[in-house]
1. Tell me, what is the FRET efficiency for residue 145 and residue 331 to the nearest 0.05, using R0 = 30 angstrom and their Cβ-Cβ distance as r?
2. When a/c is below 1.5 the answer is rounded, else prolate if a/b is larger than b/c, else oblate, so apply that to the range 96-156 with a ≥ b ≥ c taken from the square roots of the Cα gyration tensor eigenvalues.
3. If each residue of separation counts as 0.36 nm, what is the full-extension length gain between residue 352 and residue 114 once their alpha-carbon separation is subtracted?
4. Once Lys and Arg get +1 and Asp and Glu get -1 on their Cβ, which of 26, 52, 13 lies farthest toward the positive end of the dipole of the range 1-58?
5. Using 18 Å as the cut-off for backbone N distance, which residues of the range 18-41 belong to the label zone defined by a point 7 Å from the Cα of residue 96 along Cα→Cβ?
6. Hey, if you put +1 on the Cβ of every Lys and Arg and -1 on every Asp and Glu Cβ in the range 91-224, which of 149, 113, 101 ends up farthest toward the positive end of that dipole?
7. At residue 210 and residue 69, where each label point lies 7 Å from the Cα along Cα→Cβ, what is the point-to-point distance in nanometres?
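Laboratory data are not the source of any read-out in this text; all were calculated from the coordinates shown. Since this is a predicted model, take the numbers as computed values, not measurements. Every residue, glycine as well, gets a Cβ built from its backbone with ideal geometry; the counts of neighbours run over all protein chains shown.
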Amino acid sequence: MAQKVIIDCDPGIDDALALVFAHGDPGLDVCGITTVAGNVDLDKTTANALRVRDFIGMGDVPVVPGSAVPLLRPGLDAREIHGNTGLAGARLPAALSGPAPGHAVDYLIETISAAPGEITLVAVGPLTNIALAVRREPALTSLVRDFVIMGGSAGRGNRTPAAEFNILADPESAAIVFSAGWTVTMIGLDVTLQARVTAAVRDRMRGLGRLADDLLLPSLAGYRTNEPAGSGPAGSGPAGSGAAGSGAAGSGAAGSGAAGSGAAGSGAAGPGGGRPAAELGRPDDLADPAVHDVCAVARVTRPDLISCVPALVQVETAGRLTSGMTVTDFAAPAAQHNAMVGAGIDVDAFWDLVLSAYQRVAAGMASQ
Ligand code: BDR
Ligand code: CA
């Protein structure tokens, strides 16, 4: 039976691609979408979720707006990556209907509580809604089937040398979420920078009709990644341990100092495809973007494709230069582990999976 998921997101180009994937994957049943301010403001992330939902024919899956600002800090957006609309390049018609009534935090608590142990929560934006939900209803942590995020990094960041965007945008919420008493499956940059949209992947998208012509390809063309091709943390920690699988993942964790060796900045120049350090992080590098959020959803439906390593993850909230860093200790005693940290990904199998889901969505759109 398909796994029920709620996707908490801030569309966002890769969020949109993750929603399309979730809709097309037969192993997933999207029961709700909640939105949060992140890549762009809440009105836009909500409007974008609605437009994507209606464009791909997801029916009446509720889109429930949530938090418009981080818990304590002013908002931080990523318009330079996703464009002013949040879906730069995409050509989507207006949504057919508006958001569902109510607030995402209430929706999450009510929906997950009504189906204990059945719903996997996937959060691919800043963690504001999730922090508020677990504060209001601490039992949520045992009511979910599983909890998976796209966010963080055991090595370097992307928005700063230390921090990944989703965590940096609301570090206090992330700190609450990581210390809430559940196991967070953290699909961070260690994984997501390995699975890039190469020219070959884009070629495989061609021929998917309106889905490709109006959403996938133009938004990927408009997606100004700030992670240069080849900047994956290979060799800097468990992500570099290679293919998904328990052997590779385990070896990364085995006291090899994996977390420390991937410290911000250190992993980038070496494994960056031989590129000079000065080129890394250039916002105008458009080659082969990473579709971060799709990886988190893929982990739900095909956990075998993305290996994870147990660890203690703590979020830096006070650092002058390191705010939002997910300090990942693979050597912490097992009793302290609060996360399964994504390490390796079988990239070819990932794209086979994602592209067949896209094919299913495209076929559904063609028959409408
Ligand atoms: C994350 O930040 C956002 O810009 C993306 O949508 C993704 O969730 C990657 O760091
Ligand atoms: Ca996102």
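1. Efficiency at R0 = 30 Å is approximately 0.55.
2. Numbers: a/c = 1.82, a/b = 1.25, b/c = 1.46.
The shape class here is oblate.
3. Details: separation 238, 0.36 × 238 = 85.68 nm, distance 3.44 nm.
Length gained between residue 352 and residue 114: 82.2 nm.
4. 26
5. In the range 18-41, the label zone of residue 96 (backbone N under 18 Å from the point 7 Å along Cα→Cβ) covers 20, 23-24, 30-33.
6. 149
7. 3.9 nm
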